[in-house]
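The values are calculated or read from the model by the stated rules, or taken from the named source; none is laboratory data. Just so we're clear, the structure is a prediction, and the values are computed from it rather than from any experiment. Every residue, glycine among them, receives a Cβ derived from its backbone with ideal geometry; neighbour counts consider all protein chains shown. Side chains are part of the model used for accessible areas, which takes the heavy atoms of the whole protein and leaves out ligands, DNA and RNA. Shrake-Rupley method; radii C 1.70, N 1.55, O 1.52, S 1.80 Å.
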Amino acid sequence: MALVPIFAQLSPAERHEIAQQARQKTYGRNEQLYGAGEENPTLMIVHQGRVKIYRLAESGREQLIRVLAPGDFIGETSFISAAETDHFAVTLENAQICVLHRDDIRGFLLRYPTIAYKMLETISDRLERTERMVSSLTGEDVEHRIASYLLELADLAGSNSLELPISKRIWPPTWGPPRKQ
């Protein structure tokens with residue numbers, strides 16, 4: 001729990017208390033954690049592996065929202081509302097996920113406000129990245145969008161070299177007729 005940013009400010013005893021309530025689950029590659037239309041009453045924290053979050057477009061194609069790495073979490077809305085999810089969460093590789101039920105996380109948020117603050121900070125960062133992405137999509141050409149994305153990944157990695165979080169197949173397309181060259 002010490003490596004999870006939302007719990008890093010807690011004392012070892014406080015992290016131990018949370019770890020006692022967390023259940024660790026192991027998933028194989030391409031396993032769905034939950035899908036659109038399901039209720040997800042848990043906060044899920046990636047311990048190992050990567051998880052992709054996506055929605056399905058009307059065309060049936062996946063629209064990637066983000067890729068989670070160790071320390072990232074999903075399901076934060078589960079303790080705010082019991083609404084059904086509008087997206088899918090699927091492992092990209094073998095993964096270990098720590099799961100906290102919404103009732104447990106609510107109690108921890110009330111007892112340890114630093115967790116709530118770190119969650120708000122993380123969600124605020126996500127919102128800022130999303131706003132930059134929307135601005136980029138509506139105001140920049142493809143080359144600038146790709147360059148911005150790669151620079152952001154390098155910045156997050158703290159390196160000039162990086163590994164893309166997922167592969168992107170360009171040809172053959174998974175939908176529609178073949179394009180003429």
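When the residues of the range 81-113 are filtered to those that are open to solvent by 70 Å² or more (accessible area, probe 1.4 Å) and modelled with pLDDT under 90, which remaining residue is nearest to Glu128 (Cα to Cα)? Walk me through how you get there before you give the answer.
Start the filter on the range 81-113 by keeping residues that are open to solvent by 70 Å² or more (accessible area, probe 1.4 Å), which leaves 84, 86, 94, 103, 106, 110-111, 113.
After this cut, where a residue has to be modelled with pLDDT under 90 as well, the list is 84, 86, 103, 106, 110-111, 113.
Working: Glu84: 24, Asp86: 20, Asp103: 29, Arg106: 25, Leu110: 26, Arg111: 28, Pro113: 22 Å.
Residue satisfying both the conditions and the ranking: Asp86.
Answer yes or no as to whether Ser161 is at pLDDT 70 or above, open to solvent by less than 70 Å² (accessible area, probe 1.4 Å) and among the small types (Gly, Ala, Ser).
On the way: at pLDDT 70 or above: yes; open to solvent by less than 70 Å² (accessible area, probe 1.4 Å): no; among the small types (Gly, Ala, Ser): yes.
Against the criterion (at pLDDT 70 or above, open to solvent by less than 70 Å² (accessible area, probe 1.4 Å) and among the small types (Gly, Ala, Ser)), Ser161 does not qualify.
Kindly provide the set of residues from the range 5-19 that are assigned to a helix (DSSP H, G or I) and farther than 14 Å from His47 by Cβ, ordered by number. Quick ask: steps written out before the conclusion?
Looking only at the range 5-19, we keep the residues that are assigned to a helix (DSSP H, G or I), and these are 5-7, 12-19.
Passing the criteria: Pro12, Ala13, Glu14, His16, Glu17.
Among the residues of the range 52-61, how many are in contact (Cβ under 8 Å) with a residue 12 or more places away in the chain and under 16 Å from Thr85 (Cα atoms)?
Kept after step one, since they are in contact (Cβ under 8 Å) with a residue 12 or more places away in the chain, are these residues of the range 52-61: 52-56, 59-61.
Adding the requirement that they be under 16 Å from Thr85 (Cα atoms) leaves 52-56.
Residues flagged as in contact (Cβ under 8 Å) with a residue 12 or more places away in the chain and under 16 Å from Thr85 (Cα atoms) within the range 52-61 amount to 5.
So which pairs qualify, if the first residue must be in the range 110-126 and over 19 Å from Ala69 (Cα atoms), the second must be outside any helix (DSSP H, G or I) and open to solvent by 70 Å² or more (accessible area, probe 1.4 Å), the Cβ gap must be under 6 Å, and the two must be at least 6 apart or on different chains?
Hits for this filter: Thr114/Gln9.
For the range 70-80, which positions are open to solvent by 50 Å² or more (accessible area, probe 1.4 Å) and in a loop (DSSP other than H, G, I, E, B)? Please lay out each step first, then the result.
Taking the range 70-80 as the starting set, the residues that turn out to be open to solvent by 50 Å² or more (accessible area, probe 1.4 Å) are 70, 72, 77, 80.
Correct list: Pro70, Asp72, Ile80.
Filter the range 114-134 down to residues that are open to solvent by 50 Å² or more (accessible area, probe 1.4 Å) and of a type in the set (S, T, N, Q) and give me whichever is nearest to Ser148 (Cα to Cα). Write out each step before concluding.
Narrowing the range 114-134 to residues open to solvent by 50 Å² or more (accessible area, probe 1.4 Å): 114, 117, 120-121, 123-125, 127-134.
If we keep only those that are of a type in the set (S, T, N, Q) as well, we get 114, 124, 130.
Details: Thr114: 32, Ser124: 20, Thr130: 13 Å.
By that ranking, first place goes to Thr130.
From Thr114, Thr42, Thr122, grab the single residue that is in contact with a helix residue (DSSP H, G or I) (Cβ under 8 Å, 6 or more places away or on another chain), among the hydroxyl-bearing types (Ser, Thr, Tyr) and farther than 20 Å from Gln24 by Cα. Talk me through it step by step, then tell me what you get.
Numbers: Thr114 fails: in contact with a helix residue (DSSP H, G or I) (Cβ under 8 Å, 6 or more places away or on another chain); Thr42 fails: farther than 20 Å from Gln24 by Cα.
After applying the criteria, what remains is Thr122.
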